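The values are calculated or read from the model by the stated rules, or taken from the named source; none is laboratory data. As the structure is a prediction and not an experimental result, all values here were calculated from the model. Backbone-built Cβ (ideal geometry, glycine too); neighbour counts: all protein chains shown. Only protein heavy atoms, including side chains, enter the accessible area calculation; ligands, DNA and RNA are left aside. Shrake-Rupley method; radii C 1.70, N 1.55, O 1.52, S 1.80 Å.
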Amino acid sequence: MSLFKARDWWSASLGENEEFDQGCLSVADVDNSESGQDKIIVGSYNGYLRIFSPHPLKTGDAIQAEDLLLEVQLRDPVLQVEVGKFVSGTELLHLAVLHPRKLCVYSVSGTLGNAEHGNQYQIKLMYEHNLQRTACNMTHGSFGGVKGRDLICIQSMDGMLMFFEQESYAFGRYLPGFLLPGPLRYSPRTDSFITVSSCQQVECYKYQVLAVATDADSKKETEQQKIGSGKRLLADWTLNIGEQALDISIVSFNNTVFSIFVLGERNFFCLKENGQIRFMKKLEYHPSCFLPYCSVSEGTINSLVGNHNNMLLVYQDVTLKWAAQLPHVPVAVKVANFQDMKGMIVTLSDSGQLQCSYLGTDPSLFQAPKVESRDINYEELDVEMKGLQKIIKEASKTQDILPKAEKEDDLILSATVSSTLDAMSQAVDLALESEDVPSVTVKFCIRTKRQVQKTILSITVPAFLATTQDQFIFNSIDQGIPKTASISVFLKGKCLPADLEGSAVASYSTPTGVPRIAQCKFRLPLRLICSPVQPSKAANHKLTIDTNKPPVNLINMFPDFIERTEDDQISVLGFQLLAGHKVTLLASKTSQRYRIQSEQFEDLWLITKELILRLEEYFLKQGIKDFTCSFSGQVPLQEYFELIDQHFELRMNTEKYENLLSERAVQFRAIQRLLLTRFKDKTPAPLQNLDTLLDGTYRQVIGIADAAEELQNSLFRAFTKLKSATQLIILLIGLWQKLSKDQITILEATFLPLLQDGQELGWEETVDAALSHLLRTCLSKSSKEQALNLTSQLSIPKDTTRLKKHITLLCDRLAKGGRLSLSADSGSQQAILMPGLPSSPPPVAAGNA
């Protein structure tokens, strides 16, 4: 005897988290089809009823949609499903479904479909019986020898047998000495019912005895039951098997002796019709289900027995003939005929794994092919291993978040900014008091290598800048014929933008239907937000930028602000910001330094960035590639902290006003309800100044709402100013510590994580969380700091003390040689000093450079 796996012919997984038992599976031609092919009927304790018509599947294929003929959700759990002739006037098969408190009989029918999804199946309720007692199981058959129809017997949880003659209830009888229900089967040969009682004995009751016994109006025996022995319910025979039974099956095949099979917990028994044991088999495992079926050898009976070891065993009488491995523990097993496949084994697990399998003799064994033996060159292996480890290490580093663009795109988008301002300004709906607000034209060009349909061009500019048009739609763009679009950009608002870089995105679809985008960025001129003015010597905030090259004449760097004159050298230049203060730029005549000064700290950002960009472009045109800028002064954290406090104070005030507005709104609705009650009252009552109170509350709601709206606008302006100051601080730290582009990118992601500030997720708590992560990973001083975990949720802090402390600590750690990194191998940086940095850092405090 060899051990083989059961060959999977068809399988399905039924539902999620559903439960099934042995009564939930039935196999029959429930729809009375012309082919007579069996269908699989499955009910679950979750109330689902499914009917399948399996078709063979290839290895690895999923279940086909047409295999599921019907799936309905019934209101009650399904305890058992049976198929028989349950409807009077016809011998067609119908489906009986047993619920805990109801018995339903359905007809299953299918109509031919003209669409691809095939035939349509439906069930129709023929009749139902509401049960007075909770049901356990049922059996059916031609009770009393009736012909052409099946009757149903239901066993309740309290031991009552309820008999139904199709659409009508016949009678009910209590089993004597009942404690717990057991399996129940009807024997057509002896016209009797077989069950196993809680006394661990098989009992047989004749149908005629049940029919003439005393009616079971109550479970208690009456005096008439005790005296009238002719009406007392007695068992025809009993057999003590000494264990509880899992299932009972009646075998009455042709050329086979009539037998009663009982599956116990450790044995299965074969009984004669009078209750005598024909044979028994002691099992060495815990069985889960069984099914006797016809044997090819005359006088013997085959049995399929499933156990809790995922095995399906085939016995011929008491001899084990075959053993097959199943992928699950079966709780029910049936044999069915599908198409040309006869004798297919259908198994169901308690979790809903339904499988149709057959027994094969070809084992699924795998043998690894032999490899050619060769001498190993360990030196080559070492070289190859080092190369692979290098590739793995490079691949495990932090990758770019944005996907890299392909070398050749179907659509190319480019933007060109006009070198001069518009002769006639296109600025509209201005909030500035100044009447002379300039605008500049930006021209976009779209070229395609193939024809694309419906291209949408969207233009985005920083806050407090506006465009005359922000979207263009091109229905079709032909190959080689470019499409152009022009807009004007101008300053709109009483605040400076935090950046002068805009972006454009063109979304389109390839001819195959794949959505794609093309994007580009463009740099707006500085003249858009400021104009030349007489420089000022006095200023509250000053910054000094050092370079490694001699100072450049400001005429060469800012020709759009200074007209060409005969003067050889101009070292001072003034900028009047349209929505800010005056900024002065000074170039030293004796040293390689530039100074930027202004009355407001955040106003220094755009001029400082423009200065560095123009210096790099100037020396690049001169062919000088080793130009660098540096910052050796004190990082102005105190001025930065003042902007943080202003922003945080506005956030707190906004939250207070929102809470106050909510309170007044609740009060307003309460007064409205009182007034409505007074107005609806049939008996007029004085308003008691409720109308005056309503009017006053309404005025308060409007006033608070206006104040909250104004606070929101102020908060948005404060966030933009904070963003400008933050970018300036990042620039100064990068110049101060000579940080690489990757490290500056990490700083930008840490200090500028949000595009827009809000009450639920604000700038302070987000930046504080990012700083804490850096301080306990790549900038940690000890392993104790690395072990700290941030498990608290992000919420608005009580004050900014912790945030300012972490910013100061970040600068101190960078000054001591720490490096910013997101790689997994970045550890403690306490004793690491970067090349070229002093061992003692310059002070990090407020002050003028």
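What's the carbon and sulfur percent of the chain's accessible surface, probe 1.4 angstrom, rounded to a whole number? Let's see the in-between values first.
Numbers: 22900 of 46350 Å².
In the chain, the share of accessible area belonging to carbon and sulfur is 49 percent.
Would you give the gap between the C-alpha center of the range 412-473 and the C-alpha center of the range 1-45, rounded to a whole Å?
Centre-to-centre distance over Cα atoms comes out at 67 Å.
In what sequence, largest accessible area first, do Ser295, Ser33 appear using a 1.4 Å probe? All intermediate terms of the calculation are to be shown ahead of the outcome.
Numbers: Ser295 15, Ser33 35 Å².
Listed by decreasing accessible area, they come as Ser33, Ser295.
In terms of Cα to Cα distance under 23 Å, which lysines are near enough to Lys85, apart from those fewer than 8 places away along the same chain?
Candidates past the 8-residue exclusion: Lys39, Lys102, Lys124, Lys147, Lys206, Lys334.
List the pairs from Lys656/Lys804; Lys723/Lys798; Lys483/Lys721 whose alpha-carbon separation is above 31 Å, in the order I gave them.
Working: Lys656/Lys804 23 Å; Lys723/Lys798 21 Å; Lys483/Lys721 37 Å.
Flagged as over cut-off: Lys483/Lys721.
Enter the accessible area per residue of the chain (Å², integer; probe 1.4 Å; all protein chains in place).
Working: 46350 Å² over 849 residues.
It amounts to 55 Å² per residue over the chain.
Per DSSP H run of at least 4 residues, take -39500 (n - 2.57); add these up for the chain, divide by its residues and hand me the 222 nm value, nearest 500 deg cm²/dmol. Intermediate values should be presented prior to the final figure.
On the way: 11 runs with 186 residues, N = 849.
When only DSSP H runs of four or more count, the value is -7500 deg cm²/dmol.
If amide hydrogens are placed 1.01 Å from N in the peptide plane, which non-local residues have theirs closer than 5 Å to the one on Ser288?
Under 5 Å from the amide H of Ser288 lie the amide H atoms of Gly306, Asn307, His308, each far enough along the sequence or on another chain.
Among Lys549, Lys781, what's the order by accessible area (1.4 angstrom probe), most exposed first? Spell out each step's value before the answer.
Values: Lys549 40, Lys781 75 Å².
Ranked list, largest accessible area first: Lys781, Lys549.
Pairs Lys521/Lys738; Lys781/Lys805; Lys272/Lys321: which are spaced more than 21 Å apart, C-alpha to C-alpha? Before the final figure, lay out each step's value.
On the way: Lys521/Lys738 26 Å; Lys781/Lys805 16 Å; Lys272/Lys321 23 Å.
Table pairs above 21 Å Cα-Cα are Lys521/Lys738; Lys272/Lys321.
Using packing as a proxy for protection, rank 601-611, 533-543, 439-449 so that the peptide with the highest average count of other Cβ atoms within 10 Å comes first. Before the final figure, lay out the partial values.
Working: 601-611: 22.8, 533-543: 15.1, 439-449: 18.4.
Going by the mean number of other Cβ atoms within 10 Å, highest first, we get 601-611, 439-449, 533-543.
What figure in square angstrom, to the nearest 10, would you give for the accessible area of His286 with a 1.4 Å probe?
100
Expressed in whole Å with the largest first, what are the equivalent ellipsoid semi-axes of the range 600-723 derived from the C-alpha gyration tensor as the square root of 5 times each eigenvalue?
Numbers: eigenvalues 715, 38, 14 Å².
Each semi-axis is √(5λ); the values are 60, 14, 8 Å.
Can you list the residues, at least 5 places off or on another chain, whose amide H is less than 5 Å from the amide H of Gln339, using H built in the peptide plane?
Close amide H contacts, sequence-distant or interchain: Asp38.
DSSP loop GluC sites (Glu not before Pro) in the range 109-216 with at most 15 other Cβ atoms within 10 Å of their Cβ, which ones?
Working: sites: Glu116, Glu128, Glu165, Glu167, Glu203; in loops: Glu116, Glu167.
Passing sites in the range 109-216 are Glu116, Glu167.
Rg over Rh of the range 418-471, using C-alpha atoms and the Kirkwood radius, what does it come to? It would help to have the intermediate numbers written out before the result.
Details: Rg = 14.9 Å, Rh = 13.9 Å.
Checking Rg against Rh, the ratio lands at 1.08.
What label, among [x] 232; [y] 369; [z] 213, belongs to volume of the Cα convex hull per residue in Å³ computed from the structure on display?
So the structure-derived entry is [y].
Roughly what would the spin-label model give for Thr677 and Arg7, points 7 Å off Cα along C-beta, in nm?
Placing both labels 7 Å along Cα→Cβ, they lie 8.1 nm apart.
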